[in-house]
Amino acid sequence: MTESTYLIEIAWEVCHKVGGIYTVIRSKVPATKEVWGDNYFLIGPAVEDQYQYEFDPTDDLSGPIGATVEHMRNMGYDVQYGTWLVTGRPKIILLKPQATFNRLETIKKGLSENFGISSAEDNELFDQILMWGDQVRTFLSVLSQKKGDTKAIAQVHEWLAGVPLLGVKEMNLPISTVFTTHATALGRSLAMNKPDFYKSLPTTDWHQEAKKYWILPIVQMERACAKNADIFTTVSELTGEECKYLLGKEPDLITPNGLNIKRFSATHEVQNLHEEFKEKIHNFVMGHFFHCYSFDLDNTLYFFTSGRFEFKNKGYDITLKALVRLNELMKKEKVDKTVVFFFITPRPSWSINPDVLHTRAVMEEINKTCEKIEEQVGRKLFYSAAADQENFTLPDLNNFVEEYWKLRYRRILQSWKTNQWPIVVTHNLKNDIDDDILKYLRDNQFVNSPLDKVKVVYHPEFINSTNPLFGIDYEDFVRGCHLGVFPSYYEPWGYTPLECIARGVPAVTSDLSGFGNYVSKNMKDYEDKGVNVLKRKTGNETKTVENLAQYLLHFTMTSRRFRMIQRNKAEDLSESFDWKELTKYYNEAYKKALE
């Protein structure tokens, strides 16, 4: 199959980082390229020149793909052809959406007449996607004339690449199609707003609900793609059930998501990397908390959650309630530890809070002052030890510090210390009053009191190495933490817990996430290997909160040795989710599509 067939992967997030699909495709490239070799290509958008950071153009236009690129350029299209600079180095074609602006109304009319897809009014993104998709359709049409007897499969991800898929059907092109949806637009909207989302699925009026949430054209596109693709797949059984009722068709296959585990692997370095990056988090915690009060960092655990801000879907509501309960339990059990919990989720903000930056800067000055004093004391102590002929006891080290440094040390500490409590959010949010996380914390007076065993840091943007508060990338931050907490209510797959265990960090997920559901059904002894699957399908909210709080308490009371063993086991478990293991599901879909 792979020797006589072109595999063309089409997605809005090829070489264009917008969301999770980018991670899916990018991580899948090496394993796919290993199987399909030079017959593997990707098509994505050339948006605002962002692609240039990951794209290397080529002048080699040999073969049917190159001939198609040249033909389209002669037609007047701006076609970028080259290599995607990711592991595997696949060939990619990038097309600029604006090139077919003059055809936009014609595209919309064709979709309406042939597939019953409405037009999205005043939606710039939707229009861009239609124009880009129309060019991809043209590319596939030209390729059909150039490829000779070679077969071709178009692997289309999400409704955003629906236009070329429907174009293949409409023009009856000799190309097999596979449509993969990673979530449904309607499902995501309903889950955020309907308390009984899963129970009400069988009776949901998809058309009425899609109109209600202003996403009717998107849902119509999804339904048309599911109906017209040769093979329809999704990432989990949970989303498959959702597709059955909201898209009107059950998937032909489940194609679970994986990772390029080699990129994450640290083998015997897992413990060393954890200690190295935990130290970086220690520095942040000292700067954020210690000017107000202190606690023992050797007895402090770092938990976190991250992802897009969907308060209910991502389980932030459950997490907050469990943290309040955990705080009560730790006080009751007199647990001699502190938990610092990080919420890492992007929210509109003006800037980092000046007070946070100031305390961090002053702490750096304290560090420099201490280093100068240390240098001075060390030098004088060594001289004193070498020169002393009679007294072999340690001298008073205060005598070795110059008055200038004593005064500087005292003044800088006085300027740093305060009686206020540490603030929760590190940035100035644009809407501080209505923020769901802050509202809950304030309503429950859970705002970093010195008496609380559980502290909260709300960081409303993703962490990277240019961030002045942490100075490390997100993946390094994860390695420095002890536990990832992701008790999602709606999560078609869920990369965050998988990325945790790939870095040797235990994680909480739920049986309402595709990943958690897959683990609970296919893995033995997964709890012993660092994955806790919270039962949300059958439990009510009160029970779910209590179960999560009890698990967090149990984890808090484990020994350092136990946590070290779990980190190694978690990393071992992640090997089962390497794309080398999971691409077999996609290859089965391609085989069926050709048949």
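The values are calculated or read from the model by the stated rules, or taken from the named source; none is laboratory data. Model, not experiment: these values are computed from the prediction. Cβ atoms come from the backbone with ideal geometry, glycine included; neighbour counts cover every protein chain shown.
For the range 394-496, the strands (runs of 3 or more DSSP E) that sit wholly inside it and include 3 or more residues that are closer than 20 Å to LEU357 by Cα are 427-429, 454-459. Exactly one residue among THR68, THR83 is of a type in the set (S, T, N, Q), at pLDDT 95 or above and more than 28 Å from the chain's Cα centre (by Cα), and that residue is THR68. I'd like the full set of residues that are touching a strand residue (DSSP E or B) at 6+ places or on another chain (Cβ under 6 Å) and at pLDDT 90 or above, limited to the range 33-53. Listed by number, the residues that qualify are LYS33, TRP36, ASN39, TYR40, PHE41, LEU42, ILE43, GLY44, ALA46.
When the residues of the range 531-582 are filtered to those that are in a helix (DSSP H, G or I) and of a type in the set (Gly, Ala, Ser), which remaining residue is surrounded by the fewest Cβ atoms within 10 Å (Cβ to Cβ)? Full working, then the answer.
Taking the range 531-582 first, the residues in a helix (DSSP H, G or I) are 541-556, 560-577, 579-582.
Now restrict to residues that are of a type in the set (Gly, Ala, Ser): 549, 570, 574, 576.
Working: ALA549: 21, ALA570: 23, SER574: 24, SER576: 17.
Per the criteria, the residue is SER576.
Checked against the criterion of being of a type in the set (Ser, Thr, Tyr), assigned to a loop (DSSP other than H, G, I, E, B) and not assigned by TED's automatic domain parsing to the domain that holds SER176, the range 261-272 has at least one qualifying residue.
Going by what's in this entry, would ILE281 be described as in contact with a Pro (Cβ under 8 Å, 6 or more places away or on another chain), in the same structural domain as TRP493 (by TED's automatic domain parsing) and among the aliphatic types (A, V, I, L, M)? In short, no. I'd like the residue in the range 115-135 that is aliphatic (A, V, I, L, M) and in a loop (DSSP other than H, G, I, E, B) and, out of all such residues, is surrounded by the most Cβ atoms within 10 Å (Cβ to Cβ). Only one residue tops the list, namely ILE117.
Checking each residue in the range 304-357 for being in a helix (DSSP H, G or I), crowded, with 19+ Cβ neighbours inside 10 Å and modelled with pLDDT under 95 picks out only VAL356. If the condition is being among the aromatic types (Phe, Trp, Tyr) and in contact with a Pro (Cβ under 8 Å, 6 or more places away or on another chain), then the range 539-576 contributes only PHE555. Here is a check on your reading of the model: is GLU170 in the same structural domain as MET72 (by TED's automatic domain parsing), surrounded by fewer than 16 Cβ atoms within 10 Å (Cβ to Cβ), among the acidic types (Asp, Glu) and free of Cβ contacts under 8 Å to residues at least 40 places away in the same chain? Answer is no for this residue.
Residues are listed down the side, and each one gets a yes or a no for (1) within 21 Å of ALA154 (Cβ to Cβ); (2) assigned by TED's automatic domain parsing to the domain that holds THR180; (3) in contact (Cβ under 8 Å) with a residue 60 or more places away in the chain:
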residue: TYR22; (1), (2), (3): yes, yes, no
residue: SER27; (1), (2), (3): yes, yes, yes
residue: TRP36; (1), (2), (3): yes, yes, no
residue: GLY66; (1), (2), (3): yes, yes, no
residue: TYR81; (1), (2), (3): yes, yes, no
residue: TRP84; (1), (2), (3): yes, yes, yes
residue: THR87; (1), (2), (3): no, yes, yes
residue: LYS91; (1), (2), (3): yes, yes, no
residue: LEU94; (1), (2), (3): yes, yes, yes
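Of the strands (runs of 3 or more DSSP E) that lie entirely inside the range 1-114, those containing 1 or more residues that are of a type in the set (Ser, Thr, Tyr) span 5-10, 40-45, 79-84. Considering the conditions (1) surrounded by fewer than 17 Cβ atoms within 10 Å (Cβ to Cβ); (2) within 32 Å of the chain's Cα centre (by Cα); (3) more than 30 Å from LYS592 (Cβ to Cβ), MET75 is excluded by exactly one of them, (2).
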